[in-house]
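Here is the structure we will look at, set down as structure tokens.
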Amino acid sequence: MEKIVFLDSATIPSHIRIPSPSFPHQWESFEETSPEEVLSRLKDATIVVANKVILSGDLLARLPSLKLIAVAATGYNNVDIDWCKANNLPVCNIRGYATRSVPEHVIALAFALRRNLNAYHRDIELGVWKEKNQFCFFTHPIGDIAGATLGIIGSGSLGQAVALLAQAVGMKVIRSERKGATSVRDGYVSFEDVLQQVDILTLHCPLSDATRNLIGAEELAKMKSTSVLINTGRGGLVDEMALVEALKKGEIAGAGVDVFTEEPATTSNPLLAHAGMPNLILTPHVAWGSDSSIQTLANQLTDNLNAFIEGQPQNLV
């Protein structure tokens, strides 16, 4: 019988049902697990399910009973993949589950930022409408979505789904070549040209040493002053302090951020410290989190477990 331990089940809302695996098993679930608790909770486990709990090589070396790490998310930077490969410990992840939720979140942020909805809401709270004494007022520019140019960095399933939705509302979509690439693939635009052309830039690439601080002060300075940045990828893709400074200086018109360098983010994070800015919209890493997407994730998690036990592992990383 397999012993399955889910270390951070609170990352999946309680109203979402995880289907029971089809093989004999014992399932143990913890809402959250501190670094000090991981070893004791996994000492008898044969399968660990984790979303964000760190599984280092040093820790895994002390857990010889483990047969599989099942990541309950797409990103797996919480797992020491190099150690796992060197020691033949399989790791699987979840794929393609949020291709509705994330694109809708991106487009919602694009509409809100282009039309300055947050800024107008704030002005009404501050009494500007009464002060203007008109049936309406225009304190912030209002840009159309139709006809705007959307630049996508990252052409995986999420980037492609964002492109389809953007085109459906009349946007022109361009795909960015990798930063620093010496040649440009067919159907792509150079990274530098994308920065200069876009009205909206959206990030959908993984976080790695090559993409850390992909968008910093130099890149933001190259964007149009009317452009907006949306990050639903990974927090480390953007230099957060540089983004705040660019918004203050008017180098770009706005930003929508769903992911942060450290989560949960605290007030020491420059974005949270400036959360009151009218051209900055922050959400707590929920772009992926529609009910339908999370249920798809839960279903696929169980499918991954079943496939592994049946000797046909899937979604290995």
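The values are calculated or read from the model by the stated rules, or taken from the named source; none is laboratory data. Just so it is clear, the model here is predicted, and its values are computed rather than measured. So basically every Cβ, Gly included, is an ideal-geometry build from the backbone, and we count neighbours across all protein chains shown. Each accessible area value is taken on the protein alone, full model and side chains, heavy atoms only, with ligands, DNA and RNA left out. Shrake-Rupley method; radii C 1.70, N 1.55, O 1.52, S 1.80 Å.
Structural remarks
- Of all residues in the stretch 216-231, those that are surrounded by fewer than 24 Cβ atoms within 10 Å (Cβ to Cβ) and touching a helix residue (DSSP H, G or I) at 6+ places or on another chain (Cβ under 8 Å) total 8.
- Boolean, Pro13 is within 22 Å of Gly311 (Cβ to Cβ) and assigned to a loop (DSSP other than H, G, I, E, B): no
- Checking each residue in the stretch 164-216 for being touching an Asp or Glu at 6+ places or on another chain (Cβ under 9 Å) and either of a type in the set (Ser, Thr, Tyr) or on the phi > 0 side of the Ramachandran plot (or both) picks out Gly170, Ser176, Ser183, Tyr188, Ser190, Asn213.
- The listed residue being in contact with a helix residue (DSSP H, G or I) (Cβ under 7 Å, 6 or more places away or on another chain), touching a residue at least 12 places away in the same chain (Cβ under 8 Å) and not in a helix (DSSP H, G or I), out of Arg212, Arg175: Arg212
- Qualifying positions in the stretch 292-314 - under 20 Å from Phe6 (Cα atoms) and open to solvent by 40 Å² or more (accessible area, probe 1.4 Å): Gln295, Thr296, Asn299, Asp303, Phe308, Ile309, Pro313, Gln314
- Condition met for Val71 (farther than 30 Å from Met171 by Cα and either touching a residue at least 12 places away in the same chain (Cβ under 8 Å) or surrounded by 15 or more Cβ atoms within 10 Å (Cβ to Cβ) (or both)): yes
- Cross-chain or 6+ apart pairs with Cβ under 7 Å, the stretch 80-105 first and under 26 Å from Gly159 (Cβ atoms) and surrounded by fewer than 22 Cβ atoms within 10 Å (Cβ to Cβ), then of a type in the set (Gly, Ala, Ser) and modelled with pLDDT under 95: Asn93/Ala73; Gly96/Ser157; Thr99/Ser157
- Residue list for the stretch 274-289, filter: surrounded by fewer than 17 Cβ atoms within 10 Å (Cβ to Cβ), out of contact with any strand residue (DSSP E or B) (no Cβ under 6 Å at 6 or more places or on another chain) and of a type in the set (Gly, Ala, Ser): Gly276
- The single condition among (1) open to solvent by 30 Å² or more (accessible area, probe 1.4 Å); (2) part of a loop (DSSP other than H, G, I, E, B); (3) closer than 30 Å to Lys43 by Cβ; (4) touching a strand residue (DSSP E or B) at 6+ places or on another chain (Cβ under 9 Å) that Ser155 does not meet is (3).
- In the condition set (1) under 30 Å from Leu316 (Cβ atoms); (2) part of a helix (DSSP H, G or I); (3) more than 15 Å from the chain's Cα centre (by Cα), Phe111 is compliant with all but (1).
- Residue in the stretch 116-136 that is touching a Cys at 6+ places or on another chain (Cβ under 7 Å) and either at pLDDT 95 or above or open to solvent by 20 Å² or more (accessible area, probe 1.4 Å) (or both) present: no
Condition check ((1) among the small types (Gly, Ala, Ser); (2) closer than 30 Å to Leu195 by Cα; (3) in contact with a Pro (Cβ under 9 Å, 6 or more places away or on another chain)) across all residues:
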residue: Lys67; (1), (2), (3): no, no, yes
residue: Val91; (1), (2), (3): no, no, no
residue: Pro103; (1), (2), (3): no, yes, no
residue: Gly127; (1), (2), (3): yes, no, no
residue: Phe135; (1), (2), (3): no, no, no
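- Scanning the stretch 232-280 for residues that are outside any helix (DSSP H, G or I) and within 18 Å of Ala221 (Cα to Cα) gives Val238, Asp239, Gly250, Glu251, Ile252, Ala253, Gly254, Ala255, Gly256, Asn279, Leu280.
- Of the residues making up the stretch 137-152, those that are surrounded by fewer than 17 Cβ atoms within 10 Å (Cβ to Cβ) and not aliphatic (A, V, I, L, M) number 6.
- Residue satisfying condition, being of a type in the set (A, V, I, L, M) and within 20 Å of Asn299 (Cβ to Cβ), within set Ile81, Ile69: Ile69
- Which listed residue, of Arg212, Arg178, Arg234, is closer than 28 Å to Thr11 by Cβ, in contact with a Cys (Cβ under 9 Å, 6 or more places away or on another chain) and open to solvent by 50 Å² or more (accessible area, probe 1.4 Å): Arg234
- The residue of the stretch 26-52 that is nearest to Lys3 (Cα to Cα), among those that are in contact (Cβ under 8 Å) with a residue 40 or more places away in the chain and not hydrophobic (A, V, I, L, M, F, W, C), is Thr46.
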